[in-house]
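> I have a structure here, written as structure tokens, and I will follow up with some questions on it.
The values are calculated or read from the model by the stated rules, or taken from the named source; none is laboratory data. Keep in mind it's a predicted model, so treat the numbers as computed, not measured. Glycine also receives a Cβ, built like all others from the backbone with ideal geometry; neighbour counts cover every protein chain displayed. Heads up: the accessible areas ignore ligands, DNA and RNA and are worked out on the full protein's heavy atoms, side chains in. Shrake-Rupley method; radii C 1.70, N 1.55, O 1.52, S 1.80 Å.
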Amino acid sequence: MNASRDREYMALAYGLAARAAGRTSPNPCVGAVLVKDGRIVGYGFHEAAGKPHAETIALERAGAAAAGATLYITLEPCVHWGRTPPCIDGVIAAGIARVVVSDRDPNPAVDGRGLARLRRAGIAASVGLMAERNRALNAAYIKRVTTDMPFVTLKAALSLDGRMATRTGEARWITGREARAYAHLVRSEQDAIVIGAGTALNDDPRLGVRLPGRPAKPVLRVVLDGAFRLPPKAGMLADFAAGPVLVIGRAGAGERRRAALDRAGAETMVMGRAGAGARLNLRAVFKRLAERGITAVLVEGGGELATSILELRLADRGLFLFSPRLIGGREAVSVFAGRGAAGLADSLRLRDARLFRLGPDWAVEGVF
């Protein structure tokens with residue numbers, strides 16, 4: 001048993017797992033490597049929900065060579081039926097001698113049961129090697145299976161003084177081409193993109209994922225539109241190849257407008273109480289999305305939605321794209337308006353923040 005070699009093989013498994021980032025929801029990203037006599041005899045990664053799991057692919061590639069091998073896997077093997085059979089049975093049947101698991105699966109249907117099955121079968125099993133990599137790679141999956149809520153990323157393009165738009169509402173384009181390309185990369189890792197009615201009406205975005213050289217990934221496009229004001233001829237309703245459209249409004253609001261959206265191909269959903277002053281319960285909205293299997297959500301709305309997300313502490317991660325320009329003006333749209341913090345101790349702070357350049361712009365990314 002060589003600790004440095006174990007780490008090398010586990011790093012290879014994570015390299016495989018990361019290839020499916022953003023494409024496995026509601027499942028986690030998992031990679032596996034099979035090694036025998038110092039030689040890789042099998043490898044695999046979980047490509048998408050409903051497709052074979054990483055260890056199953058690795059075992060198929062290895063064939064008879066799997067007997068007596070060591071399996072390196074980024075997440076504990078599953079023990080329950082989903083769209084595919086439990087992986088643990090195949091691992092045990094293959095005659096694997098040793099399993100190195102990076103991290104336990106926090107899903108209540110697994111959570112230690114896979115490790116216990118391995119040990120009962122007489123297979124040497126360890127856990128914990130590079131576990132921090134799994135917690136970063138599968139942060140969204142971990143949050144959903146442990147809290148029944150999706151992992152929420154708040155993204156905003158800003159001037160240096162924190163404005164999302166001028167006092168007249170002009171916002172295109174605060175940041176440059178490179179920053180917008182990075183935003184599409186982030187979109188590609190999500191299951192849903194959420195905007196407010198103001199953004200939908202003012203900008204008419206399509207919210208697609210455009211990445212040259214990479215296959216298109218449909219995402220659920222969600223409009224929080226209490227009065228169902230989104231016009232049936234909105235740009236996103238002309239492009240369902242980019243993904244389905246869900247419009248969420250209040251009970252009793254705009255029934256004719258809602259019916260028109262249904263006819264245009266959108267899915268509509270009613271949440272909360274009626275009344276012109278009533279607001280959608282954002283926490284309940286995100287919980288409903290999680291119930292649909294949505295694991296990772298990107299919020300791209302305007303200042304009002306961003307402020308609500310921050311005030312309610314609903315964002316797990318922040319991505320702020322800064323243009324080196326100053327907009328100014330009390331009436332300009334701010335990313336975090338409202339009352340704000342009374343003192344610095346009450347202010348929000350990004351942890352593990354990193355700063356990097358995107359063409360003429362700068363990105364600040366971290367977790368709340």
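> Can you run down the residue pairs with Cβ atoms below 9 Å, 6 or more apart or on separate chains, where the first is in the stretch 163-176 and closer than 17 Å to Trp362 by Cα and the partner is among the hydroxyl-bearing types (Ser, Thr, Tyr) and at pLDDT below 90?
Listed pairs, sorted by first residue: Arg163/Ser334; Met164/Ser334.
> Quick one: which residue in Gly50, Gly42 is part of a strand (DSSP E or B) and either of a type in the set (Gly, Ala, Ser) or open to solvent by less than 60 Å² (accessible area, probe 1.4 Å) (or both)?
On inspection, the qualifying residue turns out to be Gly42.
Table: residues versus (1) open to solvent by 30 Å² or more (accessible area, probe 1.4 Å); (2) among the basic types (Lys, Arg); (3) more than 30 Å from Pro231 (Cβ to Cβ).
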{"position": "Ala97", "(1), (2), (3)": "yes, no, yes"}
{"position": "Val100", "(1), (2), (3)": "no, no, yes"}
{"position": "Gly122", "(1), (2), (3)": "yes, no, yes"}
{"position": "Arg133", "(1), (2), (3)": "yes, yes, yes"}
{"position": "Pro150", "(1), (2), (3)": "no, no, no"}
{"position": "Leu201", "(1), (2), (3)": "yes, no, no"}
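> Please indicate, with yes or no, whether at least one residue in the stretch 158-166 is open to solvent by less than 20 Å² (accessible area, probe 1.4 Å) and in a helix (DSSP H, G or I).
no
> Still on this structure, I have one more. List pairs: first residue in the stretch 106-119 and of a type in the set (D, E, K, R), second residue at pLDDT 90 or above and surrounded by fewer than 19 Cβ atoms within 10 Å (Cβ to Cβ) anywhere in the structure, Cβ distance under 8 angstrom, at least six positions apart or on different chains.
Asp111/Arg104; Arg117/Ile92
> Within the stretch 112-119, is even one residue at pLDDT 95 or above, buried (at least 20 other Cβ atoms within 10 Å of the Cβ), out of contact with any Leu (no Cβ under 6 Å at 6 or more places or on another chain) and aliphatic (A, V, I, L, M)?
Taking every residue of the stretch 112-119 in turn, none turns out to be at pLDDT 95 or above, buried (at least 20 other Cβ atoms within 10 Å of the Cβ), out of contact with any Leu (no Cβ under 6 Å at 6 or more places or on another chain) and aliphatic (A, V, I, L, M).
> Something else: Tell me which residues, restricted to the stretch 322-349, are in contact (Cβ under 8 Å) with a residue 12 or more places away in the chain and either on the phi > 0 side of the Ramachandran plot or open to solvent by less than 40 Å² (accessible area, probe 1.4 Å) (or both).
Ser323, Gly328, Gly329, Ala332, Ser334, Val335, Gly338
> Being open to solvent by 10 Å² or more (accessible area, probe 1.4 Å) and touching a residue at least 40 places away in the same chain (Cβ under 8 Å) narrows it down to one residue among Leu12, Leu59, Leu16; which is it?
Leu12
> Here is a further query. Go through the stretch 217-321 and tell me which helices (runs of 4 or more DSSP H), entirely inside it, have 2 or more residues that are open to solvent by 60 Å² or more (accessible area, probe 1.4 Å) and free of Cβ contacts under 8 Å to residues at least 12 places away in the same chain.
Where helices (runs of 4 or more DSSP H) fall fully within the stretch 217-321 and carry at least 2 residues being open to solvent by 60 Å² or more (accessible area, probe 1.4 Å) and free of Cβ contacts under 8 Å to residues at least 12 places away in the same chain, they are 255-263.
> Out of everything in the stretch 170-199 that is touching a Lys or Arg at 6+ places or on another chain (Cβ under 6 Å) and outside any helix (DSSP H, G or I), what residue ends up being surrounded by the most Cβ atoms within 10 Å (Cβ to Cβ)?
Taking the candidates together, the pick is Ile193.
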